[in-house]
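The values are calculated or read from the model by the stated rules, or taken from the named source; none is laboratory data. Everything quoted here is computed from the prediction, not taken from an experiment. Cβ coordinates were reconstructed from backbone atoms using ideal geometry, including for glycine residues, and neighbour counts include every protein chain displayed. Each accessible area value is taken on the protein alone, full model and side chains, heavy atoms only, with ligands, DNA and RNA left out. Shrake-Rupley method; radii C 1.70, N 1.55, O 1.52, S 1.80 Å.
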Amino acid sequence: MRADEFMTIRPEGLYCIPGDFFIDPVTPVDRALITHGHADHARPGHGSVLATSETLIIMAIRYGANFAGQTQSAELGDAVSIGDTRVSFHPAGHVLGSAQICIEHAGHRLVASGDYKRHADPTVTPFEVVPCDTFITEATFGLPVFRHPAGADEVAKLLRSLELFPDRPHLVGAYALGKAQRVIAEVRAAGYDAPIYLHGAMEKLCNFYQAQGIDLGELRPVAGLKGKEVAGQIVVCPPGAMADRWSRKFGDAMTCFASGWMRVRARARQRGVELPLVMSDHADWDDLCRTIIDTGASEIWVTHGQEDALVHWCGTQGIAARPLNMIGYGDDDEEQVEAAA
């Protein structure tokens, strides 16, 4: 049995034939298995959704309680039968609730990673290597130039800037799901205990993380405050908010952006970012390659990102690989959604 005998690509997304379900479909389907709550992977309108309990709650926060006809919670590591398959969810280390999905059929084991990372993150369950025959990986940062430093090192830059510029608010652009909470948790781990201010788009998800037992310290809404009132303070906001009218009320604010894309200096300059923080919730080049080896998979499918480079690297290792060129996934989509929030 080969993977392409029971998994295929349809316009809706990655489809499992013997299980009659899709993984992270981009349009509404009867049955969807969802890897995590980012908007480019978790969309509303499906007949039924199977995901971790955290992902189900995140989808309800974003889309409302009726985001799907039916929902079912997946416990990490527990296998369930769906059609002629056995399915289990395993930690992906990407954002709270994120999971890889393992599908077993006719003696073949296939793992769809969704998005994942292996760098330390105090807000998530660490990534778990799942041995398999076929591994479906993302490649968002699938070029050798992308090597992410430790989050603690990047947060140290932010804290030094606060000391150097105590009269300037520090606006930290970060995606509302995962990155914002990780930045805050890393800042707390570094010993910063002052209140941290939040853009309104951050509040619900930060409250959810706190409710799950992740200590983010004292958080305050920034609504109604101006520059002098938050001078020398950290204000976390969606990346898009740093360039719109909302940010002008803070006057001479230090603009910071936490993203793996900040490795590219031109990208930071284009966005007017003064303090780029290279911090990603995706695997960097080294971890993409390491993970492929660690799974022991003999075949690699690459869903989105820098597919060609990773496929070429697999060839140099004697591993069969092919790009899927799937449309509708990637950080840019997430950023656009959150900027509009």
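Across the range 265-284, the number of residues qualifying as out of contact with any strand residue (DSSP E or B) (no Cβ under 9 Å at 6 or more places or on another chain) and open to solvent by less than 60 Å² (accessible area, probe 1.4 Å) comes to 3. Among the residues of the range 203-221, those that are open to solvent by 60 Å² or more (accessible area, probe 1.4 Å) and under 15 Å from TYR175 (Cβ atoms) comprise GLU203, LYS204.
Considering (1) over 17 Å from ASP20 (Cα atoms); (2) among the hydroxyl-bearing types (Ser, Thr, Tyr); (3) crowded, with 17+ Cβ neighbours inside 10 Å, the lone condition that SER73 does not fulfil carries the number (3).
Would you please name the residue that is modelled with the lowest pLDDT, looking only at residues in the range 310-325 that are under 21 Å from the mean Cα position of the chain (by Cα) and open to solvent by less than 30 Å² (accessible area, probe 1.4 Å)?
Quick first cut of the range 310-325, residues under 21 Å from the mean Cα position of the chain (by Cα) only: 310, 323-325.
Restricting the remaining residues to those that are open to solvent by less than 30 Å² (accessible area, probe 1.4 Å) gives 310, 324.
Working: LEU310: 96, LEU324: 90.
Here the residue is LEU324.
Considered as a group, the residues in the range 36-59 that are touching a helix residue (DSSP H, G or I) at 6+ places or on another chain (Cβ under 8 Å) and of a type in the set (Val, Ile, Thr) include one that is most open to solvent (accessible area, probe 1.4 Å), and that residue is ILE57.
Looking across the range 1-29, the residues that are closer than 13 Å to TRP301 by Cβ and of a type in the set (D, E, K, R) come down to ARG2, ASP4.
Only one entry in LEU177, LEU158, LEU164 is modelled with pLDDT of 95 or more, in contact with a His (Cβ under 8 Å, 6 or more places away or on another chain) and farther than 29 Å from ILE57 by Cα, namely LEU158. With respect to the conditions (1) touching a residue at least 24 places away in the same chain (Cβ under 8 Å); (2) surrounded by fewer than 21 Cβ atoms within 10 Å (Cβ to Cβ); (3) over 19 Å from the mean Cα position of the chain (by Cα), ASP78 falls short on a single one, namely (1). Inspect all residues belonging to the range 218-233 and state whether any of them is of a type in the set (Asp, Glu) and either closer than 30 Å to ASP4 by Cβ or part of a helix (DSSP H, G or I) (or both). There is at least one residue in the range 218-233 that is of a type in the set (Asp, Glu) and either closer than 30 Å to ASP4 by Cβ or part of a helix (DSSP H, G or I) (or both). For ARG109, the test of being crowded, with 17+ Cβ neighbours inside 10 Å, over 30 Å from LYS226 (Cβ atoms) and free of Cβ contacts under 8 Å to residues at least 60 places away in the same chain is passed. The residue pairs whose first member lies in the range 84-96 and is modelled with pLDDT of 95 or more, whose second member is of a type in the set (Lys, Arg), and whose beta carbons are closer than 9 Å, counting only pairs six or more residues apart or on different chains, are ALA92/LYS117; GLY93/LYS117; GLY93/ARG118; HIS94/LYS117; VAL95/LYS179; VAL95/ARG182. Of the residues in the range 231-245, at least one is farther than 13 Å from GLY173 by Cα and open to solvent by 70 Å² or more (accessible area, probe 1.4 Å).
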